[in-house]
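The values are calculated or read from the model by the stated rules, or taken from the named source; none is laboratory data. Predicted, not measured: the structure shown is a model, and the values here were computed from it. Glycine gets a Cβ as well: all are built from the backbone with ideal geometry, and neighbour counts include every protein chain shown. Heavy atoms of the whole protein, side chains included, go into the accessibility calculation; ligands, DNA and RNA do not. Shrake-Rupley method; radii C 1.70, N 1.55, O 1.52, S 1.80 Å.
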Amino acid sequence: MKYEAALLLAFHFTLFTFHFPRYHSPMALLWPILKTALANRHKVAVIDDRRRMTYAELLGGAMFLAERIDAATSNPHVGLLLPTSGAGPVAILAAWLARRVAVPFNYLLTKDELAYVIADSGVDTIVTVGPMIEFLGGAANLPPNIKLLYLEDIDFTGLPPLRWPPCPADDDLAVILYTSGTSAKPKGVMLTHGNLHSNVDAALVHAGIRESHIFFGVLPQFHSFGLTALTLLPLRAGCTTIYTARFIPKRVVELIRKHKPQIMMAVPSMYAALLTVKDACAEDFASVEIAISGGEALSNAVFEAVRQRLNVQLLEGYGLTETAPILNWCTQTRFRRHSVGQSLPEVHIAIVDEAGRVLPPDREGEIFAAGPNIMKGYYKLPRQTAEVFVELDRDSLGDRQRRPYFRTGDIGKVDADGYLYITGRKKEMLKVAGEIVFPREVEEVLNRHPSVRDAAVIGRQDDLRGEVPMAFVEMQEGAAFDENALRTWCRDNLAGFKVPREIQQIDALPRNPTGKILRRKLTELVTDSSRG
């Protein structure tokens with residue numbers, strides 16, 4: 001290792017001060033990552049589509065990049081526009097070593113959407129790579145006042161510049177992550193060093209992550225799960241992570257065969273896509289111990305197909321960008337089908353009715369969450385921040401949590417053993433002739449039909465009933481679309497008011513980069529067709 005000696009020199013005194021509160025914030029994730037990396041400096045940290053890096057090389061690269069960030073800008077925020085790869089952890093650590101807030105950007109946004117989040121974040125410098133800028137159609141598609149810091153232009157050979165790591169407080173900003181903007185303009189979620197550290201350490205304990213585990217990462221690192229669960233979590237634990245920039249099902253199966261990871265995380269649509277690889281079999285996935293499904297509802301059809309074909313039991317998890325992100329997580333030993341599991345240590349879940357009363361077990365209401373992992377707020381949006389934080393009645397909570405609760409906007413229930421069940425999204429809830437209908441319930445029924453690959457349900461305005469369900473379906477390969485047959489299927493499995501008034505075939509449901517269905521796009525399709 002060309003710069004291993006420099007790394008040991010740079011952090012020699014840091015390790016001595018690690019145990020002294022005067023120099024070390026117990027909530028700063030950077031320090032435990034540095035300590036773990038130095039202890040595992042010979043071990044491979046990441047393997048991606050282009051290279052492999054040891055922990056020493058990863059830290060050395062972060063120190064080189066931190067020096068270039070300091071030279072390029074004095075702005076407290078630095079943008080990251082990078083593919084899912086080892087460049088992600090290098091850039092995140094570099095930003096923190098340079099005492100900056102990292103702002104990962106979604107490279108799948110439209111030109112106007114990307115320009116909006118860049119301007120809103122206030123960055124003037126973006127760390128990137130040439131192929132990413134080519135993917136976006138060239139630098140001309142970025143705001144003209146932005147400086148681009150290309151990783152290819154940095155000389156990473158020789159000894160890295162020595163640097164004393166900062167000691168951020170738990171309330172200091174670590175990253176700003178922009179929400180997907182499925183219903184409005186993206187909001188910048190401010191996550192602190194304390195938010196990330198608490199969530200990573202709680203996940204380590206909850207799931208029993210070991211240093212010997214190998215992670216498989218394909219979720220984008222601008223997404224909260226890709227950042228926390230597939231980048232920071234394995235770094236904290238001293239694991240090896242396999243990254244691939246693009247989700248190509250056949251390529252993913254090949255990588256799993258080759259590297260035999262024990263932990264993988266993906267959205268349900270990704271697991272469904274793996275089933276399209278004709279020669280994929282249970283032997284290929286024999287190494288996988290923990291397969292997490294999150295980001296959207298996991299249908300029975302996908303759960304059963306993955307279990308039967310690949311011999312993998314999918315474990316559902318739940319979280320939001322605003323919660324850093326993990327709130328709940330099913331494990332192998334604590335699993336209940338249709339549940340997203342029990343909450344992580346120090347995370348508190350409350351189910352609340354419309355009047356703000358905390359409900360007992362097995363009663364359905366809005367999900368509220370509190371804990372050290374909950375965001376600081378929305379960037380430059382104090383009103384929207386105030387709207388999502390609520391003081392709940394401490395008597396009904398047993399005074400177990402003194403922090404304000406964050407309202408998730410999701411609907412669910414918690415059973416007597418603390419297992420959380422998600423039943424719908426408050427904003428997606430339909431009112432049909434005074435009756436409540438959650439799209440998820442109707443979609444689950446449609447997805448059980450053998451001809452349907454996937455379904456999405458939205459509300460359509462109706463003069464008599466106020467609103468009626470309308471469904472869009474992707475068909476299985478070779479299956480014929482028969483609206484009458486699908487409506488009959490729904491009538492046999494649902495109350496009459498929940499049966500879609502209309503079912504349309506669609507080639508592909510619109511999704512965001514992590515696979516979540518964009519219902520507003522479907523609503524726009526209905527609006528445009530009614531105008532036409």
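For the pair R491/I248, report the inter-label distance in nm, with labels modelled 7 Å from Cα in the Cβ direction.
Spacing of the two 7 Å Cα→Cβ label points: 4.7 nm.
Is the shape of region 45-110 best called rounded, prolate or oblate, per the rule: a/c under 1.5 gives rounded, else a/b larger than b/c gives prolate, else oblate, with a ≥ b ≥ c the square roots of the Cα gyration tensor eigenvalues?
oblate
What nm distance separates the two modelled labels at T523 and R383, each placed 7 Å from Cα along Cα→Cβ?
1.9 nm
What are the ³J(HN,Hα) couplings of region 256-266, residue after residue, when phi is run through the Karplus curve with 6.51, -1.76, 1.60 and θ = phi - 60°? Round to Hz, x for glycine and proline.
After applying 6.51 cos²θ - 1.76 cosθ + 1.60, I find 5, 4, 6, 9, 6, x, 9, 10, 9, 9, 7 Hz.
Starting at the first residue of region 348-353, write each ³J(HN,Hα) from the Karplus equation 6.51 cos²θ - 1.76 cosθ + 1.60 with θ = phi - 60°, in whole Hz, x for Gly and Pro.
Couplings: 10, 10, 10, 9, 10, 8 Hz.
Where in region 33-77 does the label zone of K258 land, with the point 7 angstrom along Cα→C-beta and an amide N cut-off under 13 Å?
Under 13 Å, as judged by backbone N against the label point of K258, lie 47-52 of region 33-77.
I'd like the FRET efficiency for Y150 and E283, computed as 1/(1 + (r/R0)^6) with the beta carbon distance as r and R0 of 45 Å, rounded to 0.05.
0.60
Using amide H atoms built 1.01 Å from N in the peptide plane, name the residues 5+ places from D462, or on other chains, whose amide H lies under 5 Å from its own.
E467, V468
Give me the accessible area of K258, 1.4 Å probe, in Å² rounded to the nearest 10.
150 Å²
Hey, any idea what % of region 140-296's accessible area is carbon plus sulfur with a 1.4 Å probe? Please list the in-between numbers first.
Numbers: 3210 of 5790 Å².
Solvent-exposed carbon and sulfur of region 140-296 make up 55 percent of the total.
Which chymotrypsin sites (Phe, Trp or Tyr not before Pro) in region 61-159 sit in a loop by DSSP (not H, G, I, E or B) and have at most 14 other Cβ atoms within 10 Å of their own Cβ?
Values: sites: F64, W96, F105, Y107, Y116, F135, Y150, F156; in loops: F105, Y107, F156.
Sites meeting the loop and neighbour criteria: none at all.
When Rg is the radius of gyration of the Cα atoms in region 133-177 and Rh is its Kirkwood radius, what does Rg/Rh come to?
Rounded to two decimals, Rg over Rh is 1.10.
Determine the gain in length on full extension of the stretch A355-L275; use 0.36 nm per residue of separation and subtract their C-alpha separation, reporting nm with one decimal.
Values: separation 80, 0.36 × 80 = 28.80 nm, distance 4.46 nm.
Gain on extension, A355 to L275, equals 24.3 nm.
Whole angstrom only: what separates the Cα centroid of region 42-73 from the Cα centroid of region 281-311?
33 Å
What would the Debye equation give as log₁₀ I(q)/I(0) for region 82-198 at q = 0.21 Å⁻¹, counting only Cα atoms as equal point scatterers?
Values, matching the q order: -1.35.
Calculate one ³J(HN,Hα) per residue across region 298-312 by plugging θ = phi - 60° into the Karplus curve 6.51 cos²θ - 1.76 cosθ + 1.60, and present them in order as whole Hz with x for glycine and proline.
Rounded to whole hertz, the list is 8, 6, 4, 4, 5, 4, 6, 5, 5, 5, 6, 7, 10, 6, 10.
Collect residues whose amide H, placed 1.01 Å from N in the peptide plane, falls under 5 Å from the amide H of V432; neighbours closer than 5 in sequence don't count.
V437
When the convex hull of the C-alpha atoms of the chain is computed, what volume per residue in Å³ does it have? Don't skip to the end; give the middle numbers.
Numbers: hull volume 85.7 nm³, N = 532.
Looking at the chain, the number lands at 161 Å³ per residue.
Counting DSSP beta bridges with both partners in the chain, what percentage is antiparallel, nearest 5?
On the way: 47 of 78 bridges.
That works out to approximately 60 percent antiparallel.
State to the nearest 20 debye the size of the charge dipole of the chain about its Cα centre, where the only charges are +1 on K and R beta carbons and -1 on D and E beta carbons.
Roughly 740 debye for the chain.
Amide H to amide H under 5 Å from H77: which residues, 5+ apart in sequence or cross-chain, H placed 1.01 Å off N in plane?
For H77, whose amide H was placed from the backbone, the distant partners under 5 Å are V101.
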